[in-house]
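Presented below is the structure to which this report refers.
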Amino acid sequence: YKNKVFKGISEFNKGLKIHNNRIDLCLDDAMEPGGELVDNQWYSNVISRAKCATRIKTISMGPFFYYDNYLFKCSDGLRFYKSTPECATVYVYHNVIEYPAAIIYHAMDKVAWNDPELRKLIKPGTPGFHVFNNIFICERPFSNSSGIKPNFKGDYNLYTSDKEPVFTEAGIDLHSLFNAKPDFVDLANGNLLLKEGSAGKKAGS
């Protein structure tokens, strides 16, 4: 096992697709992608009433793609959890996420398995994450329980909240829309297409 850490444990996990699932009332993480997810795509899932809708956790091998998901009425929305190697590239895009904090850093000052040798080698945060073209129905863009400043790459998102200085300082979301209304066709009945004239229409990259 020691010889295989970060060297290909999950050789049969390559290209895995997790999609079109409906998850409701989950007492922990509804979706928890982690480990070796080479060319994995998790998309078109609908999640509600979970303790944490999606925890993207210690992804050691990518690229990993998380897109076209709808997260709402959960106790926690999109959580980035523990630091991983920058080479583990992650793409988060075209999602609609409803939660008071759009993106959450949790335990980012720690690393996978809290191994002391790994801690020396891994840069804290999520420098390999790309967060683009999402709609965040939120009260604030970022929440942080770890003290690590956000260092992901993000832009062309829509937030219903104000922008915070922490994003400006990090060069994140320079072209994103803040205090914007997405104007869905019929949110109550699950139609998340944007109306003509919506602030989010053609606002992505």
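Observations
- Enumerated strands (runs of 3 or more DSSP E) restricted to segment 128-171, each holding at least 1 residues that are in contact with a Pro (Cβ under 7 Å, 6 or more places away or on another chain) and within 30 Å of VAL38 (Cβ to Cβ): 135-137, 140-144
- Flag for ASN95 being more than 19 Å from PRO33 (Cα to Cα) and buried (at least 19 other Cβ atoms within 10 Å of the Cβ): no
- Matching residues, segment 43-70, being part of a strand (DSSP E or B), farther than 16 Å from ASN134 by Cα and open to solvent by 20 Å² or more (accessible area, probe 1.4 Å): ARG49, LYS51, ARG55, LYS57, THR58, MET61
- Selection of segment 76-88 for residues being surrounded by 20 or more Cβ atoms within 10 Å (Cβ to Cβ) and either in a strand (DSSP E or B) or among the hydrophobic types (A, V, I, L, M, F, W, C) (or both) yields LEU78, ARG79, PHE80, TYR81, LYS82, SER83, ALA88.
Per-residue answers, yes or no, for (1) among the aliphatic types (A, V, I, L, M); (2) closer than 27 Å to CYS26 by Cα:
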residue: VAL96; (1), (2): yes, yes
residue: ILE104; (1), (2): yes, yes
residue: GLY171; (1), (2): no, no
residue: ALA180; (1), (2): yes, no
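- Evaluating PHE142 against the criteria (1) closer than 19 Å to SER205 by Cα; (2) under 16 Å from the mean Cα position of the chain (by Cα); (3) open to solvent by less than 20 Å² (accessible area, probe 1.4 Å) leaves one unmet condition, (1).
Results for (1) surrounded by fewer than 20 Cβ atoms within 10 Å (Cβ to Cβ); (2) at pLDDT below 90; (3) among the hydroxyl-bearing types (Ser, Thr, Tyr), shown as yes or no for each residue.
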site: TYR1; (1), (2), (3): yes, yes, yes
site: SER10; (1), (2), (3): yes, yes, yes
site: GLY15; (1), (2), (3): yes, no, no
site: MET31; (1), (2), (3): no, no, no
site: GLU36; (1), (2), (3): no, yes, no
site: GLN41; (1), (2), (3): yes, no, no
site: PHE72; (1), (2), (3): yes, no, no
site: VAL90; (1), (2), (3): no, no, no
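- Among the residues listed as ALA199, ALA102, ALA180, ALA203, the single one being under 19 Å from THR54 (Cα atoms) and open to solvent by less than 70 Å² (accessible area, probe 1.4 Å): ALA102
- LEU25, sole failed condition from (1) modelled with pLDDT under 90; (2) loosely packed, with under 13 Cβ neighbours inside 10 Å: (1)
- Residue that is modelled with the lowest pLDDT, among those in segment 155-173 that are open to solvent by less than 10 Å² (accessible area, probe 1.4 Å) and closer than 23 Å to THR58 by Cα: PHE167
- Taking segment 108-127 as the range and being surrounded by fewer than 20 Cβ atoms within 10 Å (Cβ to Cβ) and under 15 Å from the mean Cα position of the chain (by Cα) as the test, only PRO127 passes.
- The single condition among (1) open to solvent by 50 Å² or more (accessible area, probe 1.4 Å); (2) in contact (Cβ under 8 Å) with a residue 40 or more places away in the chain that ASN189 does not meet is (2).
The values are calculated or read from the model by the stated rules, or taken from the named source; none is laboratory data. Bear in mind the structure is a predicted one, so any value in this text is a computation, not a measurement. Neighbour counts are summed over all protein chains in view; Cβ atoms, including those assigned to glycine, are modelled from backbone coordinates with ideal geometry. The area values use the complete protein model at the heavy-atom level, side chains included, leaving out ligands, DNA and RNA. Shrake-Rupley method; radii C 1.70, N 1.55, O 1.52, S 1.80 Å.
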